[in-house]
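Below is one structure, written out as structure tokens; comments come after it.
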Amino acid sequence: MDYNFLEIEPKWQKYWSEKKTFKAEIDHNKPKFYVLDMFPYPSGAGLHVGHPLGYIASDIYARYMRQRGYNVLHPMGYDAYGLPAEQYAIQTGTHPEVTTFKNIDRYREQLDRIGFSFDWDREVRTCDPKYYKWTQWTFIQLFNSWYNNDTQKAESIDLLTVEFEKNGNARINAACDQHEPFTADEWKAKNEKEQQELLMNYRLAYLSDTMVNWCPELGTVLANDEVKDGLSERGGHPVERKLMKQWSLRITAYAQRLLDGLNTIDWSDSLKEVQRNWIGRSEGATCYFNIKDHDEKLEIFTTRPDTMFGSTYMVIAPELDIVEKITTPEQKAEVKKYLEWAKNRSERERQSEVKNISGIFTGAYGINPLNGKEIPIWVADYVLAGYGSGAIMAVPAHDSRDYAFAKHFGLPIIQVVSGGDISEESYDAKEGKMMNSGFLNGMEVKDAIRATIAKIEEQGIGYGTINYRLRDAIFSRQRYWGEPFPVYYKDGVPYMLSEDKLPLLLPEVDKYLPTETGEPPLARAKNWTTEEGYPLETNTMPGFAGSSAYYLRYMDPHNDNEYFSKETNEYWKDVDLYIGGDEHAAGHLIYSRFWNKFLFDIGIACEDEPFKKLINQGKIQGRSSFVYRVNHEKYAEYLLWEYIKQIGDEKKWIRDYRDGHRKFDFYNEEVNLIIEIKSQPKLEKLESYYEEYIKSTDKKLLLLPIADIIDMDEEIMEATKKAVENTDKGVIFNHHEIRPLKPIFVSKGVKDRKLFSTPLHVDIDLVENDILNLESFVSWRPEFNDAEFILEDGKYRCGYEIEKMSKSKHNIQNPDALIEKYGADTLRLYEMFLGPLENHKPWDTKGIEGVFRFIKKLWKLYFDDEGNIALSDAEPTKEELKALHKTIKKVKDDIERFSFNTAVSSFMICVNELKDLKCNKRSVLSDFCILISSYAPHIAEELWSILGNQESITYAKFPEFKEEYVKENDYSYPVSFNGKMRFKIDLPVDMSKDDIEKAVLEAEEAQKWIAGKTPRKVIVVSNKIVNIVI
RNA sequence: GCCCAGGUGGUGGAAUUGGUAGACACGAAGGACUUAAAAUCCUUUGGCCAUUGCGGCCGUGCGGGUUCAAGUCCCGCCCUGGGUACCA
């Protein structure tokens, strides 16, 4: 019987699906284990080989844990809202749901062919009303909550209003935009609208005028993590700053908890680092500086209060209102000009520009509270309005930006921390003793920071504080294809729908574009109002809304009364293993943690952190192939240059490309060489053109007519020749190597190829081992029918480069084709064998053959030469047991430390050994079958049934490792001399160190190296190594 | 600039706690079987020198150091990839 994966694989996929083998149900007799993949956005292109990488790894882990006796939850679903389907809808009128569902079907089909052990009964789609009902529900809860900094958790807004009635806001310490104190009476005096407006400052989901990233091209705002380098992450369109009324989530309230939580979870250091940077905590002090001749104070934030004595000027961000208030009449005009200029610079301009130093003096002076010195106040756009208070005390001696600014405008620089030279650059390190700093002198920086904070607190002019870079998450999108907000407006004030009205269904619209008046597409919906006629919100939620808590919904996906039941949540708790790409490090993974913490606060979720262990699988990159097309012009130049090298000293020659005319490509003192190219004067002008030029120069003229290799009219050619011959200075140069006008491709190794050819992507299917199939190439690109190929050793060798997989690069590897050729088991094993899961690695199909050979070898262990099942019930030999148990240990260890690639090689080693031992023992092969079943489930199921089992191998017990089978009597000691391994000697494992030393020194080989000398030292490490120092 | 990860044969990678560097594969070369091809099997395969066998020297980006012993630890550099950027 041959290994026929085309038959085996669909057979077992059908079996699993029919028997619901992977259905997970609460079972209190078993420990739970939750393995989750980041659910995919179903794009139109389908899966390529990079997608399943993480899914295969998580599937192996899930299957392994089932065999270890865990109750495994391993669900899959779809992140179904997204821009591509909407863009397609705008172009074609097709409802995004139609496109999305079609893509989902295609994804499902592809996923099914790889043999994943998902519990498909739990599938969720974010665009399903039954699902987004709970996204809307959570939004209502966020709206109805505020964050209490005293208790460090979200609390009900109703309790807050009760407190306002009683005491005003005096005793409330909230994460809040409201700083003005008010009394209970003042609160009660407010009308409904005013109260609502005030409460908006407290709510965790709030509506406000916010500076947003507006993308005109996409017609929507974007979150900070959706903008890269001033361009939209999707589509790469320009993004500008704009003030708009938008829903936001007060994620900043959770900044400290999001930071602290990182210490409790098992994520990679680099990923935690990304999150820490994104949150951007900095400790420092807030301090108020008096302004000379003004009642106003200037609030500043600094992380270096210790350097306050070194502050020689202050800077305010141009956006701040206080600028106008304090500017002196003399400076008014200048400042106004500057503010105007700063305002009109777009965000992208500001970012892409080489750091220009700009700023203007306001005429006002601040007073340094520690030494009473008057220091000038400047306006400059290197200070950002959005961070801290938008104003700084500048300490040029110890901050590089202040330093550059001070140097530029000639402001004083005073060193206050010793230990660095500030003549060329600032000394930013927090090390050294204080100087020029009054009461701080002689202190270490750390102590000085503490002392300064104590001092300003004592004087009541400041306090120690913490700032975060994290911004609130803007939650409105002006799009159609997203969750509608459960919000209506009464008198311009937003109210939540009652929960029994959920889900608020996404309405039908005639077009998916904004309205003529610029309103979002939902404004096109008919009767988009409540029953009472109040208008509904026309924005929709962003992509991260639906993906922020899908892992919780998997626990109880069909529950229409609750998000998920308490029972299911308390059983499944949190995700034990989460696998996905690192592109979500700053977006999804922060939002999810925030969302989860909020649900935890309101008592819905029982765990504070959602993802205990997280692994980022690396991207699989494509390996593009290239052919090198000769650029005729450059080639001619190259040949010419080679010629020059032959005739003389090339150093005297200059290559010139000026004016883009490329008339005088090479020249020296006596001669101009001209390469005549396509773009030349009209025929009638040509003769006079050259004659004029020739007259104007004393030099000799060497003309290279390359009409025979580029399109040059014969007449023009003649005219050119004539022009040259009319003078006595002209020479016509003909190079014998110049080739006819045809496309030319040079093989990779041809000398100086880079100088005259340009690489061109070639479809990877036309290339094998970097050798191009010329016939297929020409039929792929008929326009190169008459092309000439410059070969090496009779072959055309292609170049290659590792790049992102994409259609335009012709390097897409589709898993379907590989599954047809090798089967899903081989694909699974190969993707794991490629390298460590977390590495980015190039896809290269060369290696898949080796894995396929291995699978076939494994299959053959169960059969004799005639192809009949041949299994023996005899006792396994010592060697067979050793091979098996070595592998059991290795595979178990490797899976548990997520080293999937090394487990595959230990499978290979084991099969090689069993094959050499001609092992056909049922017990050994049976255990091995279980070992490999998580990696290659189809072949394992088939062999498992051949072994006589009736049930699926899914719940077979993972074999137990027995030390006794791998124990050896002897260990082969490597013996090294001065650290260099010289020979090996077999000695009993339990031999004493003294005896080992003796035995080694007496060994015949040892004598050669000792060479009569006395060893100075002998190091014996039991069952490891012996080192002799001579 | 700053932060993080990494640098090992022709290629992907292995070496888990400082203890035999290059496991396992790919590719390449040679051979067996075959009319031939495919498939399969066997041998060799880090570099250099020696080659009649024995062998020897060098070698984990570079330069130092610690150690009986360094791919692994420490110091200083170089390079690659990623994140981030007037965040005070």
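Panel values: segment A:95-169, Kirkwood radius from alpha carbon pairs, Stokes-Einstein at 25 °C and 0.890 mPa s, translational diffusion coefficient 149 µm²/s. Across all Cα pairs in segment A:349-500, the calculated P(r) in 10 Å bins from zero up to the longest distance comes to 8, 25, 29, 14, 11, 10, 2 percent per bin. Descending by average beta-carbon neighbour count within 10 Å, the peptides A:211-223, A:123-135, A:400-412 line up as A:123-135, A:211-223, A:400-412, the highest first.
Three semi-axes describe the equivalent ellipsoid of segment A:157-204; taken as square roots of 5 times the Cα gyration tensor eigenvalues and ordered largest first, they are 14, 13, 10 Å. Here chain A is treated with +1 on each Lys and Arg Cβ and -1 on each Asp and Glu Cβ, and its dipole about the Cα centre works out to around 1680 debye. Stokes-Einstein diffusion for segment A:1-153, with the hydrodynamic radius set to the Kirkwood value over Cα pairs and evaluated at 20 °C in a medium of 1.002 mPa s, equals 117 µm²/s. In chain A, helical runs assigned H by DSSP with n ≥ 4 each contribute -39500 (n - 2.57); averaged across all residues and rounded to the nearest 500, the mean residue ellipticity at 222 nm is -10500 deg cm²/dmol. Neighbours of A:M76, meaning other residues whose beta-carbon lies under 15 angstrom from its beta-carbon, give a summed charge of -1 when Lys and Arg score +1 and Asp and Glu score -1.
The H on the amide N of A:I985, modeled in the peptide plane, is under 5 Å from the matching H of A:Y973, A:V975, each at least 5 residues off or on a different chain.
Karplus-derived 3J(HN,Hα) values for segment A:832-844, using 6.51 cos²θ - 1.76 cosθ + 1.60 with θ = phi - 60°, are 6, 6, 3, x, x, 3, 7, 6, 7, 8, x, 7, 8 Hz; glycine and proline are entered as x. Using the 1.4 Å probe convention, the accessible area of segment A:890-930 works out to 39 Å² per residue with neighbouring protein chains retained. With contacts taken as Cα pairs under 8 Å at a separation of at least 6 residues, chain A carries a relative contact order of 12 percent.
For chain A, the calculated P(r), taken from all Cα-Cα distances in 10 Å bins from zero up to the bin holding the longest distance, is 2, 8, 13, 15, 15, 16, 15, 11, 5, 1, 0 percent. Near A:Y147, within a Cβ-to-Cβ distance under 9 Å, what is the net charge of the other residues, with Lys and Arg +1 and Asp and Glu -1? For residues surrounding A:Y147, the net value is 0. Protection proxy ranking for A:326-338, A:865-877, A:933-945, using the average of other Cβ atoms within 10 Å per residue and placing the highest first: A:933-945, A:326-338, A:865-877. When +1 charges are put on Lys and Arg Cβ atoms and -1 charges on Asp and Glu Cβ atoms, the dipole computed for segment A:890-1030 relative to its Cα centre reaches about 640 debye.
Accessible surface area normalised per residue over segment A:366-463 is 48 Å², counting heavy atoms of protein chains with a 1.4 Å rolling probe. Taking the average, over residues, of other Cβ atoms within 10 Å as the packing measure, peptides A:599-608, A:136-145, A:181-190 rank A:136-145, A:599-608, A:181-190 from highest down. One way to sum up the overall shape of segment A:178-285 is the equivalent ellipsoid from its Cα gyration tensor, whose semi-axes run 32, 24, 11 Å, largest first. Restricting segment A:855-907 to trypsin sites (Lys or Arg not before Pro) that sit in a DSSP loop and have at most 16 other Cβ atoms within 10 Å of their own Cβ leaves A:R897.
Karplus-based coupling profile of segment A:84-94, in residue order and whole Hz: x, 5, 6, 4, 5, 5, 4, 6, 10, x, 5, with θ = phi - 60° in 6.51 cos²θ - 1.76 cosθ + 1.60 and x standing for Gly or Pro.
Qualifying trypsin sites (Lys or Arg not before Pro) in segment A:514-563, where qualification requires a DSSP coil assignment and no more than 11 other C-beta atoms within 10 Å, comprise A:K526. Under 5 Å between amide H atoms, partner at least 5 residues away or on a different chain: which partners does A:A364 have, H built in plane at 1.01 Å? Under 5 Å from the amide H of A:A364: A:T328, A:I377. Looking at segment A:12-158, the accessible area is 36 square angstrom per residue; that uses a 1.4 Å probe and ignores ligands, DNA and RNA. Taking the protein heavy atoms of chain A in the context of the full set of protein chains, the accessible area attributed to carbon and sulfur is 47 percent at 1.4 Å.
Amide H to amide H distances under 5 Å link A:D399 with A:Y427, where only residues 5 or more positions off or on other chains count and H is placed in the peptide plane.
The values are calculated or read from the model by the stated rules, or taken from the named source; none is laboratory data. On a predicted model such as this, the values are computed, not experimentally measured, just so you know. Quick reminder, even Gly has a Cβ in these numbers, built from the backbone with ideal geometry, and neighbours come from all protein chains shown. Remember, those area values only see protein heavy atoms, side chains included, never the ligands or the DNA or RNA. Shrake-Rupley method; radii C 1.70, N 1.55, O 1.52, S 1.80 Å.
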